[in-house]
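Coordinate-derived values only; no laboratory data. Keep in mind that this is a model prediction, so the values were computed, not measured. Cβ placement follows ideal geometry from the backbone for every residue including glycine, while neighbour counts extend to all protein chains displayed.
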Amino acid sequence: MKLINLAAAAVITLSSLSAQATYLNIAGGVDAVIPNFNLFKANNSITETKYNWGGNLLSNYTGGVDVEFTFLGKEASWLNTFKVGGNSLSTANTVGDSFIHHFDLTPGELIDFSFTAGGLPAALATVANGWNVADKTKVSFTTLSLKEFKKSPYDAILFFDDTGGGKDDNHDDLVIGVNVVGVPESSTFVLMMMGLVGLFAARRLKA
């Protein structure tokens, strides 16, 4: 019986870790082919063929979490800005600049951020997560969910289109990397340790 209990604890641990593996989801929108003249497709920074256009980024996690946002580049002359709370990144930043924001999340909750195009009237300039649309006449962002960007890990990449420059709609006017970097150890870490101890003890008992 003791052996069975320890094995069960290990199975629960592994399933819990699997369930927590994805922290972000994309809801809504449509799959769109990434244009070859998208700056990041053209310079081989990304190898994916499609991203989500018009969808919104949601939490798939319950509790407090730290998320890092990193400026990856831009193809825009306007001063475009990405904001989360009191923090921001813009086309004036240096590639690699970043900040970390703490969220207290529930599953299905929108990740609170917005993009603003510096060359448009205020009423037309901003798209907030939750109000994103696949519309060529409006500012919008696309979302790529992946774990590799020049072999560096990100949970998602956000590509903003400011509708300027002839409305090229290739979504590279401000590009932001999103990465979950801090998750409380309490549940996941403790369960993992319990599972490892259980597996070790099971091996000892079997021997």
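Once Lys and Arg get +1 and Asp and Glu get -1 on their Cβ, which of Gly108, Leu58, Leu158 lies farthest toward the positive end of the dipole of the range 28-182?
Value computed over the given set: Leu158.
Placing +1 at every Lys and Arg Cβ and -1 at every Asp and Glu Cβ, with all other atoms neutral, what dipole size does the range 28-182 have around its Cα centre, in debye to the nearest 20?
In debye, rounded to 20, the range 28-182 gives about 240.
Please name which of Thr70, Val181, Asn170 has its Cα lying farthest along the dipole of the range 28-182 towards the positive end, using unit charges on Cβ (Lys, Arg +1; Asp, Glu -1) and the Cα centre as origin.
The Cα lying farthest towards the positive end belongs to Asn170.
Each residue of the range 94-111 in order: what ³J(HN,Hα) in whole Hz does its phi give by Karplus 6.51 cos²θ - 1.76 cosθ + 1.60, θ = phi - 60°, with x for Gly and Pro?
Computed from phi, the couplings for the range 94-111 are 8, 3, x, 4, 7, 8, 10, 10, 8, 10, 10, 10, 10, x, x, 6, 5, 6 Hz.
Could you work out how much longer the chain between Asn43 and Thr126 gets when fully extended? Use 0.36 nm per residue separation minus the Cα distance between them, nm to one decimal.
27.1 nm
Between Lys138 and Thr22, what FRET efficiency comes out of the Förster formula 1/(1 + (r/R0)^6) with R0 = 45 Å and r the beta carbon distance, rounded to 0.05?
For R0 = 45 Å, the calculated efficiency reads 0.95.
Excluding Trp78 itself, calculate the net charge of residues whose Cβ lies under 12 Å from the Cβ of Trp78, where each Lys or Arg counts +1 and each Asp or Glu counts -1.
That sum, taken over residues with Cβ under 12 Å, equals -3.
Given the Cα-Cα distance of His101 and Val30 and 0.36 nm per residue of separation, how much length would full extension add, in nm?
Stretched fully, the His101-Val30 segment lengthens by 22.8 nm.
Restricting attention to the range 115-168, which chymotrypsin sites (Phe, Trp or Tyr not before Pro) occupy a DSSP loop and are surrounded by at most 16 other Cβ atoms within 10 Å?
Trp131
I need the phi-derived Karplus couplings for the range 45-53: 6.51 cos²θ - 1.76 cosθ + 1.60, θ = phi - 60°, integer Hz, Gly and Pro marked x.
Along the range 45-53, the couplings run 6, 10, 10, 5, 9, 9, 9, 8, 10 Hz.
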